[in-house]
Amino acid sequence: MPGIVVFRRRWSVGSDDLVLPAIFLFVLHTTWFIILSVVLFGLAYNPNETCSLNLVDHGRGYLGILLSCMIAEVAIIWLSMRGSILYTEPRDSMQYVLYVRLAILVIEFVYAIVGIVWLTQYYSSCNDVTAKSVTLGMVVCNWVVILSVCITVLCVFDPTGRTFVKLRATKRRQRNLRTYNLRHRLEEGQASSWTRRLKVFLCCTRTKDSQSDAYSEIAYLFAEFFRDLDIVPSDIIAGLVLLRQRQRAKRNAVLDEGNNDILAFLSGMPVTRNTKYLDLKNSQEMLRYKEVCYYMLFALAAYGWPMYLMRKPTCGLCRLARSCSCCCLCATRPRYAPGVTIEEDNCCGCNAIAIRRHFLDENMTSVDIVYTSCHDAVYETPFYVAVDHEKKKVVISIRGTLSPKDALTDLTGDAERLPVEGHHGTWLGHKGMVLSAEYIKKKLEQEMVLSQAFGRDLGRGTKHYGLIVVGHSLGAGTAAILSFLLRPQYPTLKCFAYSPPGGLLSEDAMEYSKEFVTAVVLGKDLVPRIGLSQLEGFRRQLLDVLQRSNKPKWRIIVGATKCIPKSELPEEPEGNSITSNRLWTHPSDLTIALSASTPLYPPGHIIHVIHNHPVEQCCCCDQEEPTYFAIWGDNKAFNEVIISPAMLHEHLPYVVMEGLNKVLENYNKGKTALLSAAKVMVSPTEVDLNPELIFLNQPLPSRPSVQIGIGDITVDRRNSSTK
């Protein structure tokens, strides 16, 4: 877990991260050792050729270097595989082996220069083709290794590494004043380092004042988050693997207990008798759900041409190419299509065209685009305004995260007061999205966009249309806050927020938003479970599983794949007592807290689309599709990050769209959400609940192994295949 200390400086790599690099170098050097041995001792050479004689002398010396490299790399591999993530004592001698290996690298550098000199002197005149080829290969191999090491050193260099080592030594000596000074220097240095990284990340963008402010705020947030936290990137990967295993084990244990009301876990969420499913048999509930599905199309269209081509890579490209007309001179000022204002689109107008094509492809010809802003900056999110004559609505659709500038807006997650007139200052929201909502509101007022939309076609009654605000991800959070700002003028306004961020609204603002906001979360989506307060808990859990682990890091990471059995992964110890004396080697790591810890929650009434995982079939059989259900979620239940391969995939807008549609498909097929009191366990995390096979009002069984009878068939669910 701790970064390795070499040359009295901490580096952003652990002593247990050197297994794969050392194996790669060992294989490379072993290959060259064999080739060079065959050339020097197995092939005849001309003693009259000066170049051949020089090659022999050079090659014998290089054989010694290769042998030394191989011995050092075997030692690195052996040491790096010892101990565990936190138990570093067996690897304490790693730094000395690295000193030896770096000394050998210096000799390699000298030999690489000698090889270049030989090539410049003899390559053209030497008649020994073997000598030329071998020397050229050695030189190229040497320089590849040297450059790789240099690039790796630059990547793992920690600008605050020396201060970190001093702070650790001072803490051991209990010098409180000096500890405070060093801690302050460490935080300042880390903030400067994060600022540089962000600027490199956005190297191609012009810096505005708001962007510079975002750099500073996010840099200090990251510095505070990682301050005094001695972990390296690979520790986080291993921690995610361990945390996923812990979550699976806990859900497994809950299902095995007989004294709780939890019937199953679907998409990581507990399902009980009190779980409220959407009653799609109710006409009003069905109408509301179809409305949610319908306006997801507007949120999807806001992503413009990138999402359009992602969904339709072949025919979509042809359709856009036919409609695009490049006019690069027009890209810097607003352009006007018939009845449409387009601001800062690219020179071919691809975004505006893709939005229009999106609705035409869905056969939504009654939708008119009024205004499209493609302007993208920190706290200034692209959006468009459309008039839907079929539904008699004016729709504001806000784009989600699609650029590095959007990411800066996402990361500015401090709590900011909502600028709503007539209300006290206890309504707080995600700062980046509050500023984005203020920008859009100001833009709508300056350009009189809503006046144009409601006056679009007075003969068709557009003046009396309702107002809808939609968005996905960043756009969902901005849409929810924009709805707060517009609701005094438009009291019948509705907002549909798809995959909104978890750290969005304070509790009182969240409760008020239920009057006009409907949010949608798909499965194990990461974003609705992420906020500053949620990150604090996530960090504590991550550090805890790392400290409890007694397996080498490489085995943990490989164990996450199918390369080795999952039984090789460390088991969760029973009880809370840990006998290992290494558990609290870094006690301060678990006590670091972010200053901005105001709990923020996702907005509105939440429709949580969950699904089961059917039993895996053999490779020659068709896999059964998962069954999707929709339940009413609790805003405060999204307080834990569920580690899963699906946690990023289920955030994608077109995947959310598919999930919403599959709920309707399953309902139309008769797969309604009927749950029994039986605990049906298929895997440690997911349950194969086929409502057609489950009956209501069954008595709660006293044993974990449950048999469900359907006609003449009895199925032992505990013996079902696991996913």
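What follows draws every value from the coordinates through simple rules; no lab data is involved. All figures in this text were calculated on a predicted structure; none of them were measured in a lab. Positions of Cβ are backbone-derived with ideal geometry, glycine not excepted, and every protein chain shown enters the neighbour counts.
Here are a few things to note about the model shown:
- Coupling constants for the stretch 80-90 follow from the phi torsions by the Karplus curve (6.51 cos²θ - 1.76 cosθ + 1.60, θ = phi - 60°), and in residue order they are 5, 8, 8, x, 9, 4, 9, 7, 9, 4, x Hz; glycine and proline get x.
- Going from the residue with the fewest nearby Cβ atoms within 10 Å to the one with the most, PHE33, PHE298, PHE7 rank PHE7, PHE33, PHE298.
- Vicinal HN-Hα couplings computed from phi for the stretch 234-246 (Karplus, 6.51 cos²θ - 1.76 cosθ + 1.60; Hz; Gly/Pro x): 5, 4, 5, 4, 4, x, 5, 4, 5, 5, 4, 5, 5
- Which listed pairs, of LYS250/LYS514; LYS443/LYS514; LYS405/LYS443; LYS281/LYS662; LYS636/LYS669; LYS393/LYS494, have C-alpha distances above 21 Å, in listed order: LYS250/LYS514; LYS443/LYS514; LYS636/LYS669
- Note on HIS649 and LYS250: their simple-model spin labels are 2.4 nm apart, each label 7 Å out from Cα toward Cβ.
- Exposure proxy shown here: for THR412, THR462, the number of other Cβ atoms within 10 Å sets the order, fewest to most, as THR462, THR412.
- Spin-label pair CYS347/GLU640, simplified geometry with 7 Å Cα→Cβ offset, distance in nm: 5.4 nm
- Each Lys or Arg adds one and each Asp or Glu subtracts one; over the other residues with Cβ under 13 Å from the Cβ of ARG101, this totals -2.
- For the stretch 19-165, the equivalent ellipsoid derived from the alpha-carbon gyration tensor has semi-axes of 35, 17, 11 Å in decreasing order.
- Amide hydrogen neighbours beyond the local backbone of GLU624, cut-off 5 Å, H modeled: GLN617
- If you take all other residues with their beta carbon under 14 Å from the beta carbon of GLY531, and give Lys and Arg +1 and Asp and Glu -1, the sum is -3.
- Normalised contact order of the stretch 481-533, rounded percent, pairs of Cα under 8 Å and 6 or more residues apart: 43 percent
- Distant-in-sequence amide H partners of GLY604 (H built 1.01 Å from N, under 5 Å): SER513, LYS514
- Taking amide hydrogens as placed 1.01 Å from N in the peptide plane, the amide H of ALA497 sits under 5 Å from those of THR518, ALA519, VAL520, each at least 5 positions away in sequence or on another chain.
- Residues SER124 and LEU20, FRET efficiency given R0 of 41 Å [Cβ-Cβ distance, rounded to 0.05]: 0.55
- A simple spin-label model places pseudo-atoms 7 Å from Cα toward Cβ; at ARG8 and THR272 they are separated by 5.9 nm.
- The fewest-to-most ranking of PHE496, PHE157 by surrounding Cβ atoms within 10 Å reads PHE157, PHE496.
- For the stretch 397-417, backbone nitrogen atoms closer than 20 Å to the point 7 Å from ILE236 Cα along Cα-to-C-beta are found at 401-414.
- Rounded to whole Å, sorted largest first: equivalent-ellipsoid semi-axes of the stretch 269-527, Cα gyration tensor: 28, 22, 20
- Gain upon complete extension [LYS312, TRP632; 0.36 nm per residue less C-alpha separation]: 112.0 nm
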